[in-house]
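**Q** To start, I am sharing the structure in question, which I have written as structure tokens.
The values are calculated or read from the model by the stated rules, or taken from the named source; none is laboratory data. All figures in this text were calculated on a predicted structure; none of them were measured in a lab. When we count neighbours, we look across all protein chains shown, and the Cβ atoms used for this are built from the backbone with ideal geometry, even at glycine. Just so you know, the surface numbers come from the protein's heavy atoms only, side chains and all, with ligands and any DNA or RNA stripped out. Shrake-Rupley method; radii C 1.70, N 1.55, O 1.52, S 1.80 Å.
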Amino acid sequence: MTPCARTALLAFPLLSAFLPFGRAIEAGPRPAGNGPPPLWFYHSTNLWVDKQVDALDALMRRAARAGYSRLLLADSKFHKLGDMDARYFRNIDRIKALAAELRIEVIPALFPIGYSEGLLWHDPNLAEALPVRDALFVVQGGEARIAADPPVALRGGDFKNRRDWGFVDETVIFEDGTARVTDPKGRNARCSQKVGVRPFRQYHISVTVKTQDFQGEPKIVVLAGDRSLNHAALGVKPTQDWTEHHAVFNSLEAEEVGIYLGCWEGTTGTLAWKHARLEEVGLLNLVRRDGAPLAVKTETGSLLAEGTDFERVIDPRMGTQPYRGCYDVWHEPPILRTRLPDGTRLRVSYHHAVTVHDGQVMICPSEPRTVELLRDEAQRIHAAWGARGYFMSHDEIRVLGWDAACARRNLSTGAILADNARTCAAILREVNPGGAIYVWSDMFDPHHNAHANYYLVKGDLAGSWEGLDRDIHIAAWYYERREKSLPFFAGRGHPILLAGYYDAPPERVTGWLDAAKTSGGAAGVLYTTWRNNYTDLERFAEIVRTHR
């Protein structure tokens, strides 16, 4: 998946599926009764492209014949409806008319809290940001640049002597200035070492990689204890010539990190590394907003004035690569320009955006502007769709709680997330009184992601579920924890949608249905595919209908 390619992951209404159109939706879990639970299917599309609308038309007709009555519909354009043209809205009207004909209820997905690139298109500076504190910059020739404090380096980055590394797996061969692995057959193939760092500083690792028919994912992993500080994918191709790749991490509270270059569970082919480097960097992906302040001081503690003592600092590439709302891992950072004398030592504190996996970036829920965007999105989507229910896309929130906007609230990250969920639900009830509200389970489930030490989230997400009242429908999707998650949400009074399939054998949905029997039943079952794979659409429906 390429950066910014993933649209919001959302599920759909469940309880409404038991009711005729127009009736109020009741709260609380309900058993499936004598018949099978209603069938839902998920689809991610781009309604601005006519061919994709044609494909959705065909899919909806097929789903209706198979007995599906609900469509959870995701489109990144939903987050920027103010910039869509007349053709886009004609395509919405086409799908609405078809849905009425087929008696399929469309539940649009909105509020991408987690995969927030669509909202960040409006203002990239709303990205949730990590703090850098008192990084050393030194003035030379009118430019203040980072001066590593203390100096950092990778020992043996030239790969000439494996003894320079703290640990090297036996599968890795050092030869002619490269580290190479061939056909690892599932074994680890890594070089690692420990490096001292300063807390809350920004660091950059670069390495040049070559592959030939390599099956596996080359990675740079940075660990502070058991916590990984780097989650961005390198994007190495199975076959490529020597190509430089980059990783950037914030040390957070760590004073020492373990750095790993290599591959876990690769199988066949050849992977080679050379020219590995580590450096401290400054102002990369600099975020500028009130809740992410920039402070420049002299070493004696005197605060300098932006626009007077130094020029205004922005990173023009932050949140614009390849277009607004998308963030790259590495580019040359901006320069702090000043007329201060050469040799002047400055201490610079700032906040920076960070990407996870394939370009995922979280929006800051504590900024008032974020709430304004959420309200505007809800109003525009409801004006376009007039749906009976909407799906909130809170999902896999992997960066939260570190910037000043969050810190000054004196709340746990769990409480911050709960407050955002409560706010989003209130917005939907303002826009669509009496309508159904749905949300993914993971960030509100103590048996899934609502706990401490989750990715780059500060503190503990426990208590996030307190932001969900019992009228909100939960789309549970963690199959392995279903026997704990379903009773948890049922016990809180939530109707539950079983989000199954996930491009696995369709028969696995029986595990969901069996688990639901002991927790009050399911209000719906969702065919969920992230690959637009509808091969098993009919078989999935048949299994649900015939399950006893």
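**Q** What's the angle, to the nearest 10 degrees (0 to 90), between helix 482-491's Cα axis and the longest principal axis of the chain?
**A** The two axes meet at around 70 degrees.
**Q** Sticking with this structure for a sec: Using per-residue counts of other Cβ atoms within 10 Å, averaged over each peptide, order 515-525, 418-428 from highest down.
**A** 515-525, 418-428
**Q** Below 8 Å, C-alpha to C-alpha, sequence gap of six or more: please give me the relative contact order for the chain in percent.
**A** 21
**Q** List the trypsin sites (Lys or Arg not before Pro) in the range 438-499 that DSSP assigns to loop (not H, G, I, E or B) and whose Cβ has at most 15 other Cβ atoms within 10 Å. Which are they?
**A** For trypsin sites (Lys or Arg not before Pro) across the range 438-499 that sit outside H, G, I, E and B with at most 15 neighbouring Cβ atoms in 10 Å, the list reads 470.
**Q** Angle between the Cα long axis of helix 50-66 and the longest principal axis of the chain, 0 to 90 degrees, nearest 10?
**A** Between helix and principal axis, roughly 50 degrees.
**Q** Ok, one more. Any idea what angle helix 537-546 forms with the longest principal axis of the chain, computed on alpha-carbon atoms, 0 to 90 degrees, nearest 10?
**A** 50
**Q** In addition: How large is the Rg to Rh ratio of the chain when both quantities use alpha carbon positions and Rh follows Kirkwood?
**A** Result: Rg/Rh = 1.00.
**Q** Could you list, in their original order, any pairs among 484/517; 160/194; 458/484; 51/237; 297/458 whose Cα atoms are separated by more than 21 Å?
**A** Where the Cα-Cα span goes over 21 Å, the pairs concerned are 458/484; 51/237; 297/458.
**Q** Still on this model: Enter the Cα centre distance for the pair the range 283-321 and the range 138-172, rounded to the nearest angstrom.
**A** 26
**Q** Let me have the 222 nm mean residue ellipticity of the chain computed from DSSP H runs of 4+ only, each contributing -39500 (n - 2.57), with the sum over all residues rounded to the nearest 500.
**A** Roughly -6000 deg cm²/dmol at 222 nm, from the helical runs in the chain.
**Q** Cβ neighbours within 10 Å, averaged per peptide: list 121-127, 501-507 in order, most packed at the top.
**A** Put in order of decreasing packing, that is 121-127, 501-507.
**Q** Ignoring ligands and nucleic acids, what accessible area does residue 460 show with a 1.4 Å probe (Å², nearest 10)?
**A** The accessible area of residue 460 comes to roughly 70 Å².
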